[in-house]
Amino acid sequence: MTCKLIHGDCLKAIHCLPDNSVDAIVTDPPYGETAFDWDHWVKGWPSEMARILKPTGSMWVFGTFRMFTKHWADFEGWNLSQDIVWEKHNGSGFQSDRFRRVHEMAAQFYNGKWSDVYKGKVVTLDAQKRSVSRQSKPTHFHGARNQTQYQSEEGGPRIMRSVIYARSQHGTAVHPTQKPEAIIEPLIRNACPEGGIVLDPFAGSGTTGYVARRLGRKAVLIEADNQHFATMQERLSGDLFARA
Ligand SMILES: C[S@@+](CC[C@H](N)C(=O)[O-])C[C@H]1O[C@@H](n2cnc3c(N)ncnc32)[C@H](O)[C@@H]1O
């Protein structure tokens, strides 16, 4: 199995998955901010997912500041470790009384010990040549103080920035809120080891599974909507994958 596709409500479907069975969750839930008929916040979903995640696992959730603050109580029991910003080439929902909105965010949560959580290094190849030597201060997340010393090469790897530019799927999407592969990829690399299993309980057209398969991870994908489930099945068929 590379991708296991489950058709149904994630709150019910989740019961067929054993405890501690997935390495990571990467998901783009309904934010409850558009007029799409499926776009309603699913009450309590974050706590339902906690049981399925291994103690080494973490959960990346897409959303907006408005979405997270409105539903923050649903994340009780989860710890927030970091967030990233997805900068789009265009935006949606322009209103003349606000900034032109061209970003969304994703936040990473964990519910075990941060020191146990898998942390895949995600790099870009655009470092400048320099030497750095410094004492890093202990923080809540980074544990003990230690000496950091490294030399970077021109054009070599450096840790990916938390503001990530990726073109949206505008004009090419098979789902109305389809995420680009380029924004899902770093989150999977960060949270799921090679060969591990990533769960997306709001899979839409299956972007998480599509990227997971390309990166040598397995995926469990849950989608409630008939049309979107059919799209995901087609997108993840061997034929379509071979053509990508
Ligand atoms: C924001 S979209 C995900 C889009 C996806 N990231 C992609 O790239 O195609 C959220 C999806 O969650 C689905 N959904 C809504 N409520 C659900 C539920 N209770 N269980 C499973 N899926 C649900 C919707 O039908 C929708 O396709």
- Task: Give D19, D39, D9 a once-over and let me know the one that is near the ligand (Cβ under 8 Å from one of its atoms), open to solvent by 30 Å² or more (accessible area, probe 1.4 Å) and in the same structural domain as Q108 (by TED's automatic domain parsing).
- Result: D9
- Has the range 120-133 got any residue that is modelled with pLDDT of 90 or more, within 26 Å of I184 (Cα to Cα) and surrounded by fewer than 12 Cβ atoms within 10 Å (Cβ to Cβ)? yes
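Take the range 22-36 and flag every residue that is among the charged types (D, E, K, R) and either assigned to a strand (DSSP E or B) or within 8 Å of the ligand (Cβ to nearest atom) (or both). Spell out the reasoning first.
First, the residues of the range 22-36 that are among the charged types (D, E, K, R): 23, 28, 33.
Of everything in the range 22-36, those that are among the charged types (D, E, K, R) and either assigned to a strand (DSSP E or B) or within 8 Å of the ligand (Cβ to nearest atom) (or both) turn out to be D23, D28.
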- Query: Within the range 168-175, is there a residue that is β-branched (V, I, T), more than 24 Å from K88 (Cα to Cα), at pLDDT below 95 and more than 11 Å from the ligand (Cβ to nearest atom)?
  - Reply: no
- Of the criteria (1) open to solvent by less than 70 Å² (accessible area, probe 1.4 Å); (2) outside any helix (DSSP H, G or I), which one D74 fails: (2)
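Given the residues G196, G204, G209, which is the only one that is more than 30 Å from D37 (Cβ to Cβ), small (G, A, S) and open to solvent by less than 40 Å² (accessible area, probe 1.4 Å)? Break it down into steps so the answer makes sense when it comes.
Numbers: G204 fails: more than 30 Å from D37 (Cβ to Cβ); G209 fails: more than 30 Å from D37 (Cβ to Cβ).
Of G196, G204, G209, the one residue that is more than 30 Å from D37 (Cβ to Cβ), small (G, A, S) and open to solvent by less than 40 Å² (accessible area, probe 1.4 Å) is G196.
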- Contacts under 6 angstrom Cβ, first residue in the range 24-50 being at negative phi, partner of a type in the set (K, R), 6 or more apart: D28/K179
- Task: Check off (1) at pLDDT 95 or above; (2) open to solvent by 20 Å² or more (accessible area, probe 1.4 Å); (3) within 14 Å of the ligand (Cβ to nearest atom) for K54 and give me the number that stays unchecked.
- Result: (3)
- Message: Testing T148 on (1) modelled with pLDDT under 95; (2) in contact with a Phe, Trp or Tyr (Cβ under 8 Å, 6 or more places away or on another chain); (3) open to solvent by less than 50 Å² (accessible area, probe 1.4 Å), one condition comes back false. Which one is that?
- Response: (2)
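Among the listed residues T231, T139, T207, identify the single one that is under 23 Å from Y110 (Cβ atoms) and modelled with pLDDT of 95 or more. Working first, answer last.
Values: T231 fails: under 23 Å from Y110 (Cβ atoms); T139 fails: modelled with pLDDT of 95 or more.
Of the residues listed, the single one that is under 23 Å from Y110 (Cβ atoms) and modelled with pLDDT of 95 or more is T207.
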- Message: Quick test for you: out of R189, R161, R217, pick the one residue that is modelled with pLDDT of 95 or more, buried (at least 21 other Cβ atoms within 10 Å of the Cβ) and farther than 21 Å from W45 by Cβ.
- Response: R217
- Query: Counting only residues that are within 16 Å of G196 (Cβ to Cβ) and within 16 Å of the chain's Cα centre (by Cα), how many does the range 108-127 have?
  - Reply: 8
- Query: Given the conditions (1) within 13 Å of the ligand (Cβ to nearest atom); (2) small (G, A, S); (3) outside any strand (DSSP E or B), which single one is not true for A106?
  - Reply: (3)
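The values are calculated or read from the model by the stated rules, or taken from the named source; none is laboratory data. Everything numeric here is computed off the predicted structure, so don't read it as measured data. In this analysis, Cβ positions are derived from the backbone assuming ideal geometry, glycine residues included, and neighbour counts consider all displayed protein chains. Note: areas computed on protein heavy atoms with side chains; ligands, DNA, RNA excluded. Shrake-Rupley method; radii C 1.70, N 1.55, O 1.52, S 1.80 Å.
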